[in-house]
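Taking it in order: structure first as structure tokens, then the write-up.
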Amino acid sequence: MKKLSFKIWMLLLAFLTITIIFLVIFSNFLYEELYVQHTETSMKEVAKNIQHTYGGGVVTDGFIKETEEYNRFSDIEVFTVRNPRELSACIPFDIDYDSLIGADERAKLIAGNPVTKRGFESRFDREVVSVIYPLVDENRLEGIIYLYVPLTKITELASNDVFFLIGIVSLLLIAMAFISLKSLQRVLTPLAKLKEAAISMANGNYDTRVEVKSHDEVGELAQTFNQMAASIQEEDEKKQDFLSIVSHELRTPISYIKGYGEAFEQNLISEEQKEEIYHLIVREANRMQKLTNDLLTVSRTEDKENVEISPLIIAETIREVIHLERSNIEEKKLKLAIDVDEELILAADEQMTKRILINIMENAIRYSPVGATIFIANTNSTITIKDEGCGIEAEHLIHITERFYRVNKARSRSDGGTGLGLSIASQLVTMQKGKLVFTSEVGRGTTVHITLPIWEEK
């Protein structure tokens with residue numbers, strides 16, 4: 001594959017070639033349109049002036065002599081002859097009289113129209129342009145006025161300045177080459193560094209960054225690369241932390257189950273301890289099951305195509321969630337204060353919404369003291385769940401939807417929390433184009449506001 005620098009150089013070369021071709025064509029155009037046309041126009045004006053002095057009749061010697069006087073004041077050679085064959089005595093080159101004034105030309109002259117000729121003359125080693133004006137009297141061609149000028153070559157027109165022009169063009173080309181080289185280096189050097197950085201990133205060095213030295217498109221590309229690298233590094237760190245925390249969370253229950261299992265195998269457990277240890281093994285197994293279920297839910301929430309939006313009567317969904325959590329509520333002797341609009345219909349995924357409410361309710365139950373009240377209400381499309389727990393400090397509140405984040409790690413492990421519930425709830429709300437907001441006051445409890453779109457008939 002050809003390098004970008006080669007392609008740019010080829011583009012510049014093509015541009016330069018096109019420019020030179022254009023200049024050649026344009027120079028020839030100027031030569032033809034300005035110099036040659038100007039010469040022909042000047043010859044015609046002289047011929048017209050002489051023609052106007054002709055009074056008719058036979059062309060006299062005096063008229064011919066007067067015509068030749070123009071040669072003293074002009075670069076144009078002017079001759080008046082009665083017969084075209086007489087031109088051989090006047091001009092320094094041979095003329096083919098039949099081609100000079102053929103039948104067509106003679107007809108034009110008798111009609112009073114001039115004839116213009118142009119051709120190469122070896123005697124002058126250049127082109128010669130000539131103009132023939134008729135001297136007509138009563139439809140009789142009495143004579144002709146013949147004017148000719150050897151055209152100056154285009155190279156001769158510029159001969160005086162040719163070396164100056166060559167020098168200027170050479171300096172211009174050198175300057176263009178230097179500017180192009182520096183411009184290419186300015187563009188391609190950062191791109192080469194970006195390429196090296198991308199290769200380094202591909203090899204797993206996510207802390208790779210490139211220096212931003214400009215504010216143009218290349219600089220913006222470098223800045224975007226750094227932002228991308230920072231995001232990838234952050235995601236990689238999150239992944240490593242995620243794996244580390246999952247390993248740690250699984251290690252504890254596995255250690256318990258493995259240790260007590262070996263103790264049972266070796267008959268090291270007394271009869272008095274067996275029931276307690278059975279409960280501990282079941283508890284740790286339940287923790288492992290809940291953790292794996294939550295991890296499976298987290299994995300599924302990454303696929304946003306699984307959302308099935310439909311009309312959802314939220315009051316019924318809340319009652320189903322309360323029924324599922326009834327045993328936990330009764331175990332802590334909690335009271336419920338419910339004020340929900342029975343006619344409110346939301347545009348939501350039923351299973352996702354249940355999971356959101358279960359996770360929020362479990363949190364509220366877990367951190368509510370015995371005998372406390374949990375309030376459930378809704379205002380328009382916002383469902384509010386408020387507990388009377390210990391509350392969360394502001395510094396922790398902004399992190400509680402992060403995976404495995406715990407305000408009190410020791411307490412969370414003892415009561416079976418995985419640190420994924422609120423993270424899952426936040427993801428599921430976002431997938432349904434909703435909003436999840438937490439407010440809390442230490443010592444007085446936490447309030448969760450879940451906002452989902454209202455169903456609208458199409």
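Of note:
- Residue in segment 422-433 that is out of contact with any helix residue (DSSP H, G or I) (no Cβ under 6 Å at 6 or more places or on another chain), at pLDDT below 90, small (G, A, S) and within 30 Å of L250 (Cα to Cα) present: yes
- Here I269 fits the description: touching a Phe, Trp or Tyr at 6+ places or on another chain (Cβ under 8 Å) and either open to solvent by 50 Å² or more (accessible area, probe 1.4 Å) or assigned to a loop (DSSP other than H, G, I, E, B) (or both).
- Residues of segment 419-458 that turn out to be assigned to a helix (DSSP H, G or I) and not β-branched (V, I, T), as a count: 8
- Some residue of segment 344-362 being acidic (D, E) and in contact (Cβ under 8 Å) with a residue 60 or more places away in the chain: yes
- Residue list for segment 120-140, restricted to those being open to solvent by 30 Å² or more (accessible area, probe 1.4 Å) and in a strand (DSSP E or B): F120, E121, R126, E127, V136, D137, R140
- Of the residues making up segment 345-359, just one is in contact with a strand residue (DSSP E or B) (Cβ under 6 Å, 6 or more places away or on another chain) and over 15 Å from T430 (Cα atoms), namely I345.
- Selected residue (only one of A337, A315 is open to solvent by less than 40 Å² (accessible area, probe 1.4 Å), part of a strand (DSSP E or B) and in contact (Cβ under 8 Å) with a residue 24 or more places away in the chain): A337
Residues are listed down the side, and each one gets a yes or a no for (1) modelled with pLDDT under 80; (2) more than 17 Å from Y146 (Cβ to Cβ); (3) exposed (fewer than 11 other Cβ atoms within 10 Å of the Cβ):
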| site | (1), (2), (3) |
| --- | --- |
| Y35 | yes, yes, no |
| T39 | no, no, no |
| K44 | no, no, no |
| A47 | no, no, no |
| G57 | no, yes, no |
| D61 | no, no, yes |
| I64 | no, no, no |
| T67 | no, no, no |
| N71 | yes, no, no |
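- Residue within segment 386-401 that is modelled with pLDDT under 85 and open to solvent by less than 20 Å² (accessible area, probe 1.4 Å) present: yes
- Residue within segment 147-157 that is modelled with pLDDT of 85 or more, part of a strand (DSSP E or B), in contact with a Leu (Cβ under 7 Å, 6 or more places away or on another chain) and surrounded by 11 or more Cβ atoms within 10 Å (Cβ to Cβ) present: no
- The C-beta contact set for segment 182-210 (first residue open to solvent by 50 Å² or more (accessible area, probe 1.4 Å), second residue among the basic types (K, R), distance under 6 angstrom, 6+ apart or interchain) is empty.
- Residues of segment 340-362 classified as open to solvent by 30 Å² or more (accessible area, probe 1.4 Å) and out of contact with any Ser or Thr (no Cβ under 8 Å at 6 or more places or on another chain), total: 6
- Evaluation of F225 against (1) within 30 Å of T292 (Cα to Cα); (2) in contact (Cβ under 8 Å) with a residue 24 or more places away in the chain (one fails), failing number: (1)
- Scanning segment 369-381 for residues that are closer than 27 Å to A348 by Cβ and open to solvent by 30 Å² or more (accessible area, probe 1.4 Å), we see that the one that is farthest from the chain's Cα centre (by Cα) is F375.
The values are calculated or read from the model by the stated rules, or taken from the named source; none is laboratory data. Keep in mind the model is a prediction, meaning the values are calculated, not measured. Cβ coordinates were reconstructed from backbone atoms using ideal geometry, including for glycine residues, and neighbour counts include every protein chain displayed. Heavy atoms of the whole protein, side chains included, go into the accessibility calculation; ligands, DNA and RNA do not. Shrake-Rupley method; radii C 1.70, N 1.55, O 1.52, S 1.80 Å.
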